[in-house]
Amino acid sequence: MNNNHKQLVVLGSINVDHLLNVHKFPQAGETVTGTHYQLAFGGKGANQAVAASRSGANTQFLACLGSDAIAQDILAQFVQDGMNTEAVCQIPEQNTGVALIFVNNQAENCIGIYAGANASLSPQYVAQHAEKIRCADALLLQLETPLESLIDAVKIAKAANTIVVLNPAPAQKLPEDFLQQIDLITPNETEASALTGIQVYDLQSAEQAAQHLHQQGVGMVIITLGEQGIWLSQQGQGQHIPAFKVHAVDTTGAGDTFNGALMTALLEDQNLLDASYFASAAAALAVTHAGAQPSIPWRVQIDEFLEELKEQD
Ligand code: ATP
Ligand code: RIB
């Protein structure tokens, strides 16, 4: 049941994930035999929208699907997840986006994507749905759909005082005037390195990268550091929040779960620190199961996990 009246719009990608578990990633020219194969719904935009909706946010999703058979199954799943899908558009004669994912014995992943219908999330599509962005309390974006459309969406949001949160994944450099308009940015180590030119691998380098992002005009920065947790920095004041200790089997979608759950907590008026704690709990639960969307927890599971931790204290 959704008690939160604030509105989140997630704009982003939808992928069909083909997951292959391998002992180690293949080298160039090498063939490796997988130990397990799974087809699962994914895509950074969809994962984040699902994570927000399952954790309790009123979530409207702006995205493009293909016209293949699996598109209907994905749409049906979104509805079961409680999302508003009225703006999700099916592109004729296109495949739904695809991700080919290796997961190794350390629960790390290595991903190749084909945009498919995600490439059709055009500035025209954004213009068509501008009112939804204007009416939203927050807009959550990633980088798996065309940048020109994201730039338009951010302009619309800023003009309407809609808070803009960017998960800058997959890693790429971004125009300065685009970054300046972002209220909160949530890169992982690789993405923070690509954005700032500072190699991020520990707390000290994360702090430096966060300062760099502040200088570029972003007021709030969260750098996710996998099992090391996060570096949270607001207006130049940084702090470390360790990750919860769990047995990780697949980290695919951990960052997406973190971002979706973070939005839920922020739209419930939790402060950034408390919201990050809630999001870290959701992400910790996600890494204990395989696949992106199959591993995203529901609100009741996050609350139970946090309650159990309180009882252990
Ligand atoms: P992905 O691209 O695989 O979805 P990501 O690289 O964007 O993930 P990470 O920094 O790996 O994101 O993880 C996001 C958050 O998930 C971390 O900040 C942490 O809170 C949680 N997390 C990730 N890995 C673990 C782990 N092994 N144990 C506990 N929590 C984890
Ligand atoms: O962040 C995880 C996601 O990245 C996967 O679901 C895959 O689709 C890729 O987009």
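Things to note:
- Scanning the stretch 222-251 for residues that are part of a strand (DSSP E or B), in contact (Cβ under 8 Å) with a residue 24 or more places away in the chain and more than 13 Å from ligand 1 (Cβ to nearest atom) gives SER233, GLN234, GLY238, GLN239.
- Residue in the stretch 268-313 that is nearest to PHE78 (Cα to Cα), counting only those that are within 13 Å of ligand 1 (Cβ to nearest atom), outside any helix (DSSP H, G or I) and free of Cβ contacts under 8 Å to residues at least 60 places away in the same chain: HIS289
- Within the stretch 125-155, the set of residues being among the hydroxyl-bearing types (Ser, Thr, Tyr) and over 17 Å from the mean Cα position of the chain (by Cα) comprises TYR125, SER149.
- Among the residues of the stretch 231-262, those that are within 16 Å of ligand 2 (Cβ to nearest atom) and either out of contact with any helix residue (DSSP H, G or I) (no Cβ under 9 Å at 6 or more places or on another chain) or not polar (S, T, N, Q) (or both) comprise ALA248, VAL249, ASP250, GLY253, ALA254, GLY255, ASP256, PHE258, GLY260, ALA261, LEU262.
- Single condition VAL164 does not satisfy, out of (1) in contact (Cβ under 8 Å) with a residue 12 or more places away in the chain; (2) more than 18 Å from GLN48 (Cβ to Cβ); (3) more than 16 Å from ligand 2 (Cβ to nearest atom): (2)
- In the stretch 49-70, the residues that are modelled with pLDDT of 95 or more form Cβ pairs under 7 Å with partners that are in a helix (DSSP H, G or I) and among the acidic types (Asp, Glu), at six or more places apart or across chains, as follows: ALA51/ASP256.
- Each residue in the stretch 13-55 was checked for being on the phi > 0 side of the Ramachandran plot and within 14 Å of ligand 2 (Cβ to nearest atom), and 1 of them qualify.
- Test for ALA265: is it away from ligand 2 (no atom under 16 Å from the Cβ) and either in a loop (DSSP other than H, G, I, E, B) or over 25 Å from PHE305 (Cβ atoms) (or both): no
- The set of residues in the stretch 53-67 being in contact with a Lys or Arg (Cβ under 6 Å, 6 or more places away or on another chain) and part of a helix (DSSP H, G or I) consists of SER55 alone.
- Filtering the stretch 147-164 to residues that are outside any helix (DSSP H, G or I) and buried (at least 16 other Cβ atoms within 10 Å of the Cβ) leaves THR162, ILE163, VAL164.
- The residues in the stretch 188-217 that are in a loop (DSSP other than H, G, I, E, B) and surrounded by fewer than 21 Cβ atoms within 10 Å (Cβ to Cβ) can be counted, and the count is 7.
- Count of the stretch 1-23 residues which are out of contact with any helix residue (DSSP H, G or I) (no Cβ under 7 Å at 6 or more places or on another chain), more than 15 Å from ligand 1 (Cβ to nearest atom) and at pLDDT below 95: 4
- Test: residue in the stretch 188-196 that is within 16 Å of ASN259 (Cβ to Cβ) and touching a residue at least 60 places away in the same chain (Cβ under 8 Å): yes
- Check on ALA160, at pLDDT 95 or above and more than 17 Å from the chain's Cα centre (by Cα): yes
The values are calculated or read from the model by the stated rules, or taken from the named source; none is laboratory data. Since the structure is predicted, the reported quantities are computational estimates derived from the model, not experimental observations. Because the Cβ atoms are built from the backbone with ideal geometry, glycine has one as well, and the counts that use them run over all protein chains shown.
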